[in-house]
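Peer 1: Input: one structure, supplied below.
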Amino acid sequence: MAILTVLHDGPTRYSTLHHTVSQISPFTVHARTLTDTLNHLCAEGLVKHHHDTDSADYRLTTGGEELVDLLAQIRRWSRQHRTSGTAQPPTQ
């Protein structure tokens, strides 16, 4: 989630991504873990590793953007219903 959130702000180089994710995560983010997670997100079509002759970065795909937007909507809904007390318990 932290990776997607950072990439939602735009294309990000690996070193910047590692630093930023490490700052917002409550846990230590090891380089190998970040690399494995990025590879998984790329394989799932949520993140693209973009590179040209001078630089390389990671960026969200259209599907990744849509997922981040959807998760933001779910967080807003959760906050609204948690504080308003309007959420109904599941019926059996």
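Peer 1: What residue among 54, 36, 69 has the largest mean-square fluctuation in a Gaussian network model of the chain, using Cα springs under 10 Å?
Peer 2: Sorting by GNM fluctuation, first place goes to 54.
Peer 1: For the range 62-71, in order, what is each residue's ³J(HN,Hα) by Karplus, 6.51 cos²θ - 1.76 cosθ + 1.60 with θ = phi - 60°, in whole Hz (x at glycine and Pro)?
Peer 2: 4, x, x, 4, 4, 5, 4, 5, 5, 5
Peer 1: Using the alpha-carbon atoms, what tilt in degrees (0 to 90, nearest 10) does helix 31-43 show relative to the longest principal axis of the chain?
Peer 2: Helix 31-43 and the main axis of the chain meet at about 80 degrees.
Peer 1: When only Cα pairs under 8 Å and 6 or more residues apart are kept, what is the percent relative contact order across the chain?
Peer 2: Reported relative contact order: 28 percent.
Peer 1: With a 1.4 Å probe and all protein chains left in place, how much of the accessible area of the chain comes from carbon and sulfur atoms, in whole percent?
Peer 2: 54 percent
Peer 1: Please report the projected area of the range 1-46's Cα convex hull averaged over all directions, in nm².
Peer 2: Over all viewing directions, the range 1-46 projects a mean Cα-hull area of 3.0 nm².
Peer 1: Per the helix-only calculation at 222 nm, which mean residue ellipticity applies to the chain, given -39500 (n - 2.57) for every DSSP H run of n ≥ 4 and division by its residues, nearest 500 deg cm²/dmol?
Peer 2: -18500 deg cm²/dmol
Peer 1: How big is the chain by Rg and Dmax over its Cα atoms, in Å?
Peer 2: Just the Cα atoms of the chain yield Rg and Dmax of 16.3, 59 Å.
Peer 1: Now for a separate question. Taking θ = phi - 60°, what integer Hz values does the Karplus form 6.51 cos²θ - 1.76 cosθ + 1.60 yield along the range 9-19, in sequence order, with x for Gly and Pro?
Peer 2: Once rounded to whole Hz, the list reads 7, x, x, 9, 6, 4, 5, 5, 4, 4, 5.
The values are calculated or read from the model by the stated rules, or taken from the named source; none is laboratory data. Owing to the predicted nature of the structure, the values given are computational and were not obtained by experimental measurement. Calculation scope for accessible area: heavy atoms of the full protein, side chains included, ligands and nucleic acids excluded. Shrake-Rupley method; radii C 1.70, N 1.55, O 1.52, S 1.80 Å.
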